[in-house]
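Right, one structure below, let's go through it.
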Amino acid sequence: MSAVLASQRPFSSFIGSDWGLEAGDHLTRAEFEQRYARQSGLKKAELIEGVVYMPSPVRLQQHGTPHLHLALWIGTYQAATPGTAAADNATVRLDADNEPQPDVLLYVLPERGGRVRISDDDYLEGAPEWIGEVASSTASYDLHSKLNAYRRNQVREYLVVLPQQGEVRWFELRSDRYELLVGQEGIVRSRQFPGLWLNVPALLAGDAPGVLATLRDGLNAPEHDAFIRRLQDRIEQ
């Protein structure tokens, strides 16, 4: 995700105005939603720790392509895992000061024991179990303020793709702290979603067939079948 943070202005200067969103605004979530709705044509804006971030143009190889491959990977896993759901660029009402729009997310359905809710106006509320971001020019907040907001709201796993650095950082929540998941031979495996295996070198190289081949190995692993059975058991209880 690409974003620009402009000079910050006090929230009081906007009260009662017809202003739309500006990068750097300090807003409540309610005010953020009101201004977002008034600003026609705006495709993406986020409220992170009470500050508005807005997108800059998206580069092809630094964001567009890895984003597509990340979404393809997550969508394939979700299609093979009944009881889960995924989304691309969906707004999340995380808490009073945070309303991000993650590149991709994956969650357990509420009726299968998941922690999120779907609001009456069709927004995701609460913390999805897994979030993924492509950080081309936004590592400064994807790995700091946004990471802290996700940690505090108990997002179980948070994956950040850093194309410019040639890195993938996959964080797992352990005792209220994020720690990096360590892979073997370039493959990182989710603990929250058994069978969700990522071939990191393939993703960074833009090798979608390689990414999906490794995922298929994960989907065929016994732990993935066991996870599906656990999700099924929850709805039958």
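The values are calculated or read from the model by the stated rules, or taken from the named source; none is laboratory data. Computed from a predicted structure; not experimentally measured. In this analysis, Cβ positions are derived from the backbone assuming ideal geometry, glycine residues included, and neighbour counts consider all displayed protein chains.
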Filter the range 189-217 down to the residues that are closer than 18 Å to TYR107 by Cα and assigned to a helix (DSSP H, G or I) and list them by number.
LEU215
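Every residue, every condition in (1) in contact with a His (Cβ under 7 Å, 6 or more places away or on another chain); (2) over 30 Å from ARG115 (Cβ atoms); (3) not aliphatic (A, V, I, L, M), yes or no:
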site	(1), (2), (3)
GLY20	no, yes, yes
GLY24	no, yes, yes
ALA30	no, no, no
GLN34	no, no, yes
ARG38	no, yes, yes
LYS43	no, no, yes
HIS63	no, no, yes
LEU70	no, no, no
THR84	no, no, yes
For the range 213-237, give me each residue that is within 18 Å of LEU159 (Cβ to Cβ) and either surrounded by fewer than 16 Cβ atoms within 10 Å (Cβ to Cβ) or among the β-branched types (Val, Ile, Thr) (or both).
THR214
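Checking the condition over 27 Å from ALA80 (Cα atoms) and at pLDDT 95 or above, which residue from ALA205, ALA127, ALA139, ALA149 passes?
On the way: ALA205 fails: over 27 Å from ALA80 (Cα atoms); ALA127 fails: over 27 Å from ALA80 (Cα atoms); ALA139 fails: at pLDDT 95 or above.
Being over 27 Å from ALA80 (Cα atoms) and at pLDDT 95 or above holds for just one of ALA205, ALA127, ALA139, ALA149, which is ALA149.
Do the conditions hold for GLN154, that is, is it among the polar types (S, T, N, Q), modelled with pLDDT of 95 or more and either part of a strand (DSSP E or B) or under 21 Å from THR76 (Cβ atoms) (or both)?
Against the criterion (among the polar types (S, T, N, Q), modelled with pLDDT of 95 or more and either part of a strand (DSSP E or B) or under 21 Å from THR76 (Cβ atoms) (or both)), GLN154 does not qualify.
Yes/no matrix, rows are residues, columns are (1) among the β-branched types (Val, Ile, Thr); (2) surrounded by fewer than 20 Cβ atoms within 10 Å (Cβ to Cβ):
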{"site": "GLU31", "(1), (2)": "no, yes"}
{"site": "GLU46", "(1), (2)": "no, no"}
{"site": "VAL52", "(1), (2)": "yes, no"}
{"site": "HIS63", "(1), (2)": "no, no"}
{"site": "ILE74", "(1), (2)": "yes, no"}
{"site": "ALA90", "(1), (2)": "no, yes"}
{"site": "VAL108", "(1), (2)": "yes, no"}
{"site": "ASP121", "(1), (2)": "no, yes"}
